[in-house]
Amino acid sequence: MSEESSNAGRSGESGVASEGRSGAEKEVSTSGLDFIRTIIAEDLASGRHTHVVTRFPPEPNGYLHIGHAKAICLNFELADEIPNSRCHLRFDDTNPSTEETEYVEGIQADVRWLGFDWGEHLHFTSDYFEALHDYAVDLIRQGKAFVDDQSADEIRANQGSLTEPGTESPFRNRSVEENLDLFARMRAGEFEEGACVLRAKIDMASPVVAMRDPILYRIQKKSHHRTGNAWCIYPMYDFAHCLSDALESITHSLCTLEFLDHRPLYDWILDQLSTPSRPRQIEFARLNVGYMVTSKRLLRRVVEEGHVSGWDDPRMPTIAAMRRRGYPARAIREFCDAVGVAKRDNLISFANLEFHVRQVLNREAQRRMGILDPLKVVIENYPEGEEEFLEAVNNPEDPAAGSREVPFSREIFIERDDFMEEPPRKFFRLAPGREVRLRYAYFITCREVVKNEQGEIIELRCTYDPETRGGDAPDGRKVKGTLHWVSARHSIPAEVRLYGTLFAEESPDPKGEGGLEASLNPDSLEIRRDGRLEPSVAEFAPGETIQLERIGYFCLDPDGSREQPVLNRTVTLRDTWARVAKKEGAAGPQGHGRSGEPSGKRKRKGRGKKADPEGEGR
RNA sequence: UGGGGCGUCGCCAAACGGUAAGGCAGCGGCCUUUGGAGCCGCCAUUUGUAGGUUCGAAUCCUACCGCCCCAACCA
């Protein structure tokens, strides 16, 4: 319990202000603050607290997802905003049958990657097992807890229903001595799993089901990932969580709405026991994002049933997956900030997340050229065997990013859907007889279309204007379109993975007809194996994200090599042409390698989701 | 049907009795060597509904309607 050291030092121990400081309520401006920050501002103004201690308390039974990201940002940012405050990372490891070390490591990596630091305050509920046990004994001594020999079925049957009160256990009135003895023997391993449990003695007739003599301890003869076989009784969430908060001097214990009903129990337990501090639980609405699902149970199924390659498959809504896909940590943070904190159910559009991803990538990602679906172009009047290097800006949004040289030669590749034999209105790209600009290179004019026996276009014959080197015509003539390209001879091959949404509908219903299987988007992954990239892409390391001009942002995947990079499409560029083409009704090209884009159906029967059985907020 | 929470623009979200911020999406336009980015403009006479209080109501009161959560020895 040496939890009293604040990162920033010199703050009041439990966060509660010393007497003299409190006094008259100061007026604080809370305008524009979310309700949690409002509460905190008032606590600070009234002198109730001098600083804040929050915590992010994941259970190590799976990887963190976008929903956790919101809780992480909220808790850690609060600690950053308020002087002398801190945020703990606490693993809520009270259930040895589902928890593993693999997850505690993954979770730490994810939180760190998101940009947060818990300093000295890495904690485990399992560190408090002894203290928790002593608190339980205290409760028994007070006559407020008892050992119940009923079976799980009996306990359930006697619990009553939502409209009917439960009935008291026949073991409810055992003496303190007997309970003490029985609990000691539970701990000593004398009973089998399920033989008995420790229950609080509260009120079987309470309209709040959580208050009907809730179970505090159960027997589990399982090895725990940290305590090994030291224990065979493990505390339940409701008992462990509030006390762990109190032991760590947490001031504001933020969790998701499904724990609202548990608050009376949270408070009851703390009211019965003498703890070093008195935390306050505050509930907020969990984050829901379109086409994503945030239930560790479900995500685990998606992984285990092989619908994706793993927890970090770029289609997953996990933090590890978003990292692999190329979502910048900053984008996720800005997204969470923008979404806000409130108590109403929500479903944030996937487009909103993508907006934040594009926003930071636009500022930070270097530009390169690459072709997803190559169409060969021969520039007839360009000397055979010749090559030259053209200067290209690395990031127009960031002059400091400098420039590079891109090789040019007689044979190049352009994007297949940058050419149309019979261009519709408003199609500004290449067409027979039309002149366009090759980015950073020359104006070219299409002279001839070469087809195979099947009538498929296999090559374009063009001419270039040597006067337009770099992309400007000395005579001032303009072109409507600028195309990206790659020198055939110099380019390197690439595999490009295009991702659509993992789920088919904005508000997936894996519990409905067809189950999980039917709710998945069958087109969530499209692999392009014929990609060609300008050679300098080889210089990027796995994990780095670049923009392929006019196409989108792509992250180098660890599966690739320098010789043959593998690119994960992070997000497409906004594609005005796709919208125009659609509006024009033209069956024109759909843009560059679109696949499985959200179709925009917003089916939802009611808002919000069934609570994650492993809700992320606590 | 017991208890609890929540209803403000298509999606988020401010407004705390003084006359509906902002973001996303969308729609126009400008600009552009990325149909990207950027810039400009438009986008709730009305806050689930119906009453009431008040000079004045999204904010207070009443009733109704709707959505979500709670009956794991999970968290």
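The values are calculated or read from the model by the stated rules, or taken from the named source; none is laboratory data. Model, not experiment: these values are computed from the prediction. Don't worry about glycine lacking a Cβ; one is built from the backbone with ideal geometry, like all the others, and counts go over all protein chains shown.
The table below gives the values:
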item	result
Test: residue in region A:29-45 that is more than 16 Å from RNA strand B (Cβ to nearest atom), at pLDDT 95 or above and over 20 Å from A:V303 (Cα atoms)	no
Residue that is surrounded by 22 or more Cβ atoms within 10 Å (Cβ to Cβ) and more than 12 Å from RNA strand B (Cβ to nearest atom), where the choices are A:F146, A:F116	A:F146
Enumeration of residues in region A:203-235 that are within 23 Å of A:P279 (Cβ to Cβ), within 9 Å of RNA strand B (Cβ to nearest atom) and not in a helix (DSSP H, G or I)	A:S206, A:V208, A:P214, A:I215, A:Y217, A:Y234, A:P235
Among (1) under 27 Å from A:T256 (Cβ atoms); (2) in contact with a helix residue (DSSP H, G or I) (Cβ under 8 Å, 6 or more places away or on another chain) - the single one A:R404 does not satisfy	(1)
In region A:324-365, the residues that are under 21 Å from A:P542 (Cα atoms), in contact with a helix residue (DSSP H, G or I) (Cβ under 6 Å, 6 or more places away or on another chain) and not aliphatic (A, V, I, L, M)	A:Y327, A:P328, A:R330
Complete set of residues in region A:393-438 that are buried (at least 21 other Cβ atoms within 10 Å of the Cβ) and aliphatic (A, V, I, L, M)	A:V406, A:I412, A:I414, A:L430, A:V436, A:L438
Residues (more than 15 Å from A:V449 (Cα to Cα) and among the aliphatic types (A, V, I, L, M)) located in region A:418-437	A:V436
Single condition A:Q564 does not satisfy, out of (1) farther than 14 Å from A:P328 by Cβ; (2) near RNA strand B (Cβ under 9 Å from one of its atoms); (3) polar (S, T, N, Q)	(2)
Criterion (within 14 Å of RNA strand B (Cβ to nearest atom), under 23 Å from the mean Cα position of the chain (by Cα) and of a type outside the set (V, I, T)) met by exactly one of A:E467, A:E526, A:E506	A:E506
Criterion (surrounded by fewer than 22 Cβ atoms within 10 Å (Cβ to Cβ), within 13 Å of RNA strand B (Cβ to nearest atom), in a helix (DSSP H, G or I) and not β-branched (V, I, T)) met by exactly one of A:D245, A:D238, A:D271	A:D238
Every residue from region A:551-563 that is surrounded by fewer than 19 Cβ atoms within 10 Å (Cβ to Cβ) and either among the basic types (K, R) or in a strand (DSSP E or B) (or both)	A:R562
Options A:C232, A:C255: the member that is over 21 Å from A:L139 (Cα atoms), touching a Gly at 6+ places or on another chain (Cβ under 8 Å) and in contact (Cβ under 8 Å) with a residue 24 or more places away in the chain	A:C255
Residue count, region A:408-447 (criterion: modelled with pLDDT of 95 or more and touching a helix residue (DSSP H, G or I) at 6+ places or on another chain (Cβ under 7 Å))	4
Cβ pairs under 6 Å, 6+ apart, first in region A:570-584 and assigned to a helix (DSSP H, G or I), second near RNA strand B (Cβ under 7 Å from one of its atoms) and among the acidic types (D, E)	none
Residues of region A:264-314 satisfying the condition of being of a type in the set (K, R) and touching an Asp or Glu at 6+ places or on another chain (Cβ under 6 Å)	A:K296
Filter result (within 23 Å of A:F408 (Cα to Cα) and within 16 Å of RNA strand B (Cβ to nearest atom)) within region A:529-552	A:L533, A:E534, A:S536, A:V537, A:I546, A:Q547, A:L548, A:E549, A:R550, A:I551, A:G552
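This table checks each residue for (1) closer than 23 Å to A:G531 by Cβ; (2) out of contact with any strand residue (DSSP E or B) (no Cβ under 7 Å at 6 or more places or on another chain); (3) small (G, A, S).
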residue: A:K376; (1), (2), (3): yes, no, no
residue: A:A392; (1), (2), (3): yes, no, yes
residue: A:E397; (1), (2), (3): no, yes, no
residue: A:A400; (1), (2), (3): no, yes, yes
residue: A:I414; (1), (2), (3): yes, no, no
residue: A:G433; (1), (2), (3): no, no, yes
residue: A:Y440; (1), (2), (3): yes, no, no
